[in-house]
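Structure first, then comments.
The values are calculated or read from the model by the stated rules, or taken from the named source; none is laboratory data. Treat the numbers as computed from the prediction; the structure is a model and nothing was measured. Positions of Cβ are backbone-derived with ideal geometry, glycine not excepted, and every protein chain shown enters the neighbour counts.
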Amino acid sequence: MTPPVSRGHAARIEPYRLDAGRVAFGDPSPGPGATAIRGLRSRESGREFFGSGLPGPYNSSTGTWSFVAKRRGGPRLETAEADRLSKDITPILAGWEHNPEEPTQVRIVAGDDGRDKIQMRLDLGLLQLEMAGRPDCRRPNGQESLLEVYEARASDEDFSLDPAACAALMREGVQYYHRYLAAFHLQRYDLVVRDTERNLKLFAFVVRHATRPRDRFEFDQYRPYVIMMRSRALALQSLAMRDTSQALAQIDDGVERIRQFLRDYERQELEAECMELGFLLRWRRDIESNRPRGPQERLEQQLELAVALEDYEEAARIRDQLARLRGTEIASSEPHP
């Protein structure tokens, strides 16, 4: 990905960025892969520029490139003017101080390419992530993600994932983790659902194809957490629409999926120690106890309690009330001439 020159004027060229858009401080030297991000050096100062630009001739005696910077949609800047451009990200961070008491500080900003970006504040800088596709905007082999590259090869008879492939897929999966965590704090639950489902698909793919058992579990150990985050996002969307029944069903689905994870590894005895499962069960109880109930639902709960306490006289009385209530509802729903 080529970080763009700031929109509208050439006051700044963005600094070097690592995977998932991490802003790095310092002056890294361009290595063999630097052409992908246009790592160039100014002829006069030797400073590195990372942005939209036009490389001039290479000087083998000094080991430097000449460099002509260019505004997006504007005229070229000569080398002397390009030298005056700063890589300092202080203006980007101005007014957005890091708060150690707030573990996740995130925002959405307009990108120079016209697309919104997610930014996550860190103590020494920030992470910048694309809203869609691979978070660092790269397209391995022209595909949206490395996972899709390997999925396309999975039909080969001798296909498998060696440790190096698993390591690369893990690095990519972490990028999606950062994005869905940021999206959760931004209350963009649609993005959380999308990215958690993507990582769950990644885990299943590695479990099927990794050559080493340790690599399979290295991914699959995070399945309960990702299931929990997906269930939270889905349920919060339903609660926002005041659909409590749907929210409870989505939590129940997450609970069952986590229990299935424990069954897959024959560790059902650890259910009480599973934090993700415990969170969903407690959250379900809270929602259930606080949701509004109609008169019929309240009577049905009272009936269950009376039967459990073997108070059959009270149970019979409640059944009569329920029958009258249901009869009234049926009568009111019948069409009148």
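What to note about this one:
- Test: residue in region 210-217 that is touching a Cys at 6+ places or on another chain (Cβ under 6 Å) and either outside the structural domain of residue 173 (by TED's automatic domain parsing) or more than 25 Å from residue 290 (Cα to Cα) (or both): yes
- Within region 124-146, at least one residue is loosely packed, with under 12 Cβ neighbours inside 10 Å, at negative phi and outside the structural domain of residue 179 (by TED's automatic domain parsing).
- Enumeration of residues in region 121-133 that are touching a strand residue (DSSP E or B) at 6+ places or on another chain (Cβ under 7 Å), in contact (Cβ under 8 Å) with a residue 60 or more places away in the chain and more than 13 Å from residue 176 (Cα to Cα): 125, 126
- Residue in region 276-283 that is exposed (fewer than 12 other Cβ atoms within 10 Å of the Cβ) and in the same structural domain as residue 203 (by TED's automatic domain parsing) present: yes
- Residue that is modelled with the highest pLDDT, among those in region 72-119 that are in a strand (DSSP E or B) and over 26 Å from residue 132 (Cα atoms): 86
- Residues (surrounded by 21 or more Cβ atoms within 10 Å (Cβ to Cβ) and out of contact with any Ser or Thr (no Cβ under 8 Å at 6 or more places or on another chain)) located in region 204-218: 206, 215
- The set of residues from region 155-174 being small (Gly, Ala, Ser) and part of a loop (DSSP other than H, G, I, E, B) comprises 155, 160.
- Scanning region 145-179 for residues that are under 18 Å from residue 194 (Cβ atoms) and either at pLDDT below 95 or of a type in the set (Val, Ile, Thr) (or both) yields one hit, 174.
This table checks each residue for (1) crowded, with 18+ Cβ neighbours inside 10 Å; (2) of a type in the set (A, V, I, L, M); (3) closer than 30 Å to residue 118 by Cβ.
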| site | (1), (2), (3) |
| --- | --- |
| 196 | yes, no, yes |
| 245 | no, no, no |
| 249 | no, yes, yes |
| 268 | no, no, no |
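- Residue in region 112-119 that is outside the structural domain of residue 174 (by TED's automatic domain parsing) and touching a His at 6+ places or on another chain (Cβ under 8 Å) present: no
- Qualifying position, being in contact with a helix residue (DSSP H, G or I) (Cβ under 8 Å, 6 or more places away or on another chain) and among the aliphatic types (A, V, I, L, M), among 154, 167, 110: 154
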